[in-house]
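Working notes for the structure below.
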């Protein structure tokens with residue numbers, strides 16, 4: 001039977017968290033500028049979880065953390081306008097050595113709000129209050145993480161998610177300009193294979209161009225792809241959830257499939273448990289669950 005154990009003081013709260021690939025380790029931000037990494041997290045006895053590392057390179061509160069399942073690297077972004085790529089110790093992050101931070105060159109003058117590793121683990125995306133997305137990759141010659149700017153937004157970018165099955169070349173964004181977008185982030189010389197558009201689109205676009213744009217009556221707060229890439233969900237500050245269907249049978253590449261208005265408060269995060277099950281969480285004290293149709 002699972003036990004309940006207070007990992008951080010209840011008055012602190014947890015601002016963001018991320019699990020490693022096998023869910024044996026957990027990285028959390030206790031609402032400050034630190035990341036706490038716990039081990040033995042696959043145990044149901046939460047009192048046996050062990051604090052292994054404290055990462056404290058940021059100067060201001062951390063807004064999001066993401067754990068790459070393939071390289072085991074951590075990605076963090078903060079209100080201090082910086083993002084760091086953290087390389088684990090040689091023992092896979094569970095030894096006595098420290099994590100090594102590498103500053104990602106964002107060159108932004110606003111807070112970094114959200115971040116996600118690409119499925120291939122070679123690129124990442126950081127959304128910011130500078131109305132832009134930084135798409136980063138590792139430049140082996142100089143051993144640093146450089147980024148390229150995507151500037152198609154008119155307000156803060158608060159959510160990003162990578163489209164599955166596109167060789168990490170398509171990114172969805174959520175913005176407070178009342179829009180969710182599907183963007184091309186194809187990089188010549190960085191991506192493997194030919195340019196790959198999202199489902200339902202035949203012509204690949206160069207970096208920074210928009211495949212599709214979807215409106216909302218208020219801020220878009222979160223965005224998420226289904227595992228197949230055939231559905232894109234985004235939530236609004238007006239307690240709505242929008243699901244877009246994509247595929248070869250949809251004229252023009254995409255069409256709005258449905259809009260659901262929730263009875264409670266707005267959602268802040270979305271995740272597909274499967275192609276037919278969408279989860280959401282926000283300002284209410286419960287998780288929302290919804291069914292999604294089989295395809296467009």
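Listed values, structure above:
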| quantity | calculated |
| --- | --- |
| Gyration tensor over alpha-carbon atoms, region 42-113, equivalent ellipsoid semi-axes in Å | 25, 14, 11 |
| Length-normalised contact order for region 1-104 - Cα pairs under 8 Å, 6+ apart - percent | 20 percent |
| Relative exposure of 137, 211, 234, judged by other C-beta atoms within 10 Å (fewest first) | 137, 211, 234 |
| Ranked 98, 78, criterion: other C-beta atoms within 10 Å, fewest first | 98, 78 |
| Simple label model, 7 Å out from Cα along Cβ direction - residue 148 to residue 97, nm | 3.2 nm |
| Overall dimensions of region 95-153 by Cα: Rg and Dmax, Å | 12.7, 44 |
| Protection-proxy order for peptides 154-167, 6-19, 191-204, each taking the mean of Cβ atoms within 10 Å per residue, highest first | 154-167, 191-204, 6-19 |
| Ordering of 84-90, 280-286, 259-265 by packing [mean C-beta count within 10 Å, highest first] | 84-90, 280-286, 259-265 |
| Between region 9-75 and region 108-173, the alpha-carbon center distance in angstrom | 21 Å |
| Volume in Å³ per residue [convex hull over Cα atoms, computed for the chain] | 136 Å³ |
| Residue order, fewest to most beta carbons within 10 Å, for 123, 50, 152 | 50, 152, 123 |
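Only the coordinates and a few stated rules stand behind these numbers; no lab work does. This one's a predicted model, so the numbers in the text were calculated from it and none came from an experiment. Every residue, glycine as well, gets a Cβ built from its backbone with ideal geometry; the counts of neighbours run over all protein chains shown.
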